[in-house]
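Got a structure here, written out as structure tokens. Questions coming.
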Amino acid sequence: MNRVDQNSRSSSIRILGLLISRDTPVAQIPDIVFKEILAPTLAATKACGDISSQAILTPHSLIMNAFTIPAKSNSSSATVIVKLSSEIIRGLVFKHKKDSLPEINDSSSSRIRNKYSIFEDLAPSTHALFRSFADDPRVKSVWTYSGQVRFRTKDSDTVYKVRHLTDTVDTVVKPPSTPMNH
């Protein structure tokens, strides 16, 4: 069931940091997402030749659905889920987001970071699996690619792929035992 749920999200993204609240009219959300996220990333894709410079891309041709998940606190921005018209467009957003989206000075860490955070829209079970790896003190970094959790440990540069919802750092990192030959 989780694979089916994750596959149904294969063209969706989750955006944090947009100035969209529960009071923002639903009809305005696609236009805000297009202006703040898609237009800059698509300009970068055109500039490097990933899509034709002649392509005419509009909010309603790229966005199938966009809605908010209410924030848990009285935040000025809500999480926005966007279902894009294709996995190709989603892939281009991920490829170009770092270099094309605006940056801000994060006063809490004294670092420059992207103004918006964009992630894969994970199924609840995949998200829980992701969190379990992220919370493991042995894990240096964890991310997802096409709904599959991947990670590196602090003592290795090897990229490990998580294949099952029951996997743990121990089961993925340790090679399977082989039966002894007598």
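Return the total of residues in region 1-43 being part of a loop (DSSP other than H, G, I, E, B) and under 16 Å from Asn114 (Cβ atoms). If you could, list the steps in order and put the result at the bottom.
Initial filter on region 1-43 (part of a loop (DSSP other than H, G, I, E, B)): 1, 9-11, 17-25.
In the following step, the residues that additionally are under 16 Å from Asn114 (Cβ atoms) were identified as 17-19.
Looking only at that region, the number is 3.
Could you check, for region 39-51, whether at least one of its residues is touching a strand residue (DSSP E or B) at 6+ places or on another chain (Cβ under 7 Å), in contact (Cβ under 8 Å) with a residue 40 or more places away in the chain and either closer than 30 Å to His164 by Cα or outside the structural domain of Leu165 (by TED's automatic domain parsing) (or both)?
no
Does Lys83 meet the test of being in a strand (DSSP E or B) and surrounded by 14 or more Cβ atoms within 10 Å (Cβ to Cβ)? Spell out how you get there, then give the answer.
Working: in a strand (DSSP E or B): yes; surrounded by 14 or more Cβ atoms within 10 Å (Cβ to Cβ): yes.
Spelling it out, Lys83 is indeed in a strand (DSSP E or B) and surrounded by 14 or more Cβ atoms within 10 Å (Cβ to Cβ).
Of everything in region 139-155 that's touching a Ser or Thr at 6+ places or on another chain (Cβ under 8 Å) and surrounded by fewer than 14 Cβ atoms within 10 Å (Cβ to Cβ), which residue is modelled with the highest pLDDT? Walk me through how you get there before you give the answer.
Quick first cut of region 139-155, residues touching a Ser or Thr at 6+ places or on another chain (Cβ under 8 Å) only: 139-140, 144, 146-147, 149-152.
Adding the requirement that they be surrounded by fewer than 14 Cβ atoms within 10 Å (Cβ to Cβ) leaves 140, 146.
Values: Lys140: 96, Ser146: 88.
Only one residue tops the list, namely Lys140.
Which of the residues that make up region 120-170 are out of contact with any Phe, Trp or Tyr (no Cβ under 9 Å at 6 or more places or on another chain), over 17 Å from Asn2 (Cβ atoms) and outside any loop (DSSP other than H, G, I, E, B)?
If the condition is that a residue be out of contact with any Phe, Trp or Tyr (no Cβ under 9 Å at 6 or more places or on another chain), over 17 Å from Asn2 (Cβ atoms) and outside any loop (DSSP other than H, G, I, E, B), then Asp170 is the only one that fits.
Do we find a residue being over 30 Å from Lys46 (Cα atoms), of a type in the set (Asp, Glu) and either exposed (fewer than 13 other Cβ atoms within 10 Å of the Cβ) or in contact with a Cys (Cβ under 6 Å, 6 or more places away or on another chain) (or both) anywhere in region 118-137? Outline the logic, then answer.
The initial filter retains those residues of region 118-137 that are over 30 Å from Lys46 (Cα atoms), namely 123-137.
Then keep just the ones that are of a type in the set (Asp, Glu); that gives 135-136.
Filter once more, keeping what is either exposed (fewer than 13 other Cβ atoms within 10 Å of the Cβ) or in contact with a Cys (Cβ under 6 Å, 6 or more places away or on another chain) (or both): 135.
So far as region 118-137 goes, yes, one or more of its residues are over 30 Å from Lys46 (Cα atoms), of a type in the set (Asp, Glu) and either exposed (fewer than 13 other Cβ atoms within 10 Å of the Cβ) or in contact with a Cys (Cβ under 6 Å, 6 or more places away or on another chain) (or both).
Going residue by residue through region 27-40, is there one that turns out to be over 23 Å from Leu122 (Cα atoms) and polar (S, T, N, Q)?
The answer is yes; a qualifying residue exists.
Could you tell me whether Ile89 is part of a strand (DSSP E or B) and closer than 30 Å to Ala78 by Cα? Working first, answer last.
On the way: part of a strand (DSSP E or B): no; closer than 30 Å to Ala78 by Cα: yes.
No.
Go through Asn2, Asn105, Asn7 for me and flag whichever is surrounded by fewer than 13 Cβ atoms within 10 Å (Cβ to Cβ) and touching a residue at least 60 places away in the same chain (Cβ under 8 Å).
Working: Asn2 fails: surrounded by fewer than 13 Cβ atoms within 10 Å (Cβ to Cβ); Asn105 fails: touching a residue at least 60 places away in the same chain (Cβ under 8 Å).
Within the list Asn2, Asn105, Asn7, the selection yields Asn7.
Would you mind finding the one in Ile56, Ile69, Ile20 that is hydrophobic (A, V, I, L, M, F, W, C), surrounded by fewer than 17 Cβ atoms within 10 Å (Cβ to Cβ), over 19 Å from Val93 (Cα atoms) and in the same structural domain as Leu101 (by TED's automatic domain parsing)?
Ile69
For residues that are under 19 Å from Ile15 (Cα atoms) and without any contact (Cβ under 8 Å) to a residue 12 or more places away in the chain, tally how many sit in region 125-144.
4
Which residues, taken from region 145-176, are farther than 20 Å from Arg14 by Cα and among the polar types (S, T, N, Q)?
Across region 145-176, the qualifying residues are Thr153, Ser156, Thr158, Thr166, Thr168, Thr171.
To continue, here is another question. Please give the number of the condition Leu101 fails out of (1) among the aliphatic types (A, V, I, L, M); (2) closer than 24 Å to Ser11 by Cβ; (3) at pLDDT 95 or above.
Tallying (1) among the aliphatic types (A, V, I, L, M); (2) closer than 24 Å to Ser11 by Cβ; (3) at pLDDT 95 or above, Leu101 fails exactly one: (3).
The values are calculated or read from the model by the stated rules, or taken from the named source; none is laboratory data. Remember, predicted model here, so these are calculated numbers, not experimental data. Glycine gets a Cβ as well: all are built from the backbone with ideal geometry, and neighbour counts include every protein chain shown.
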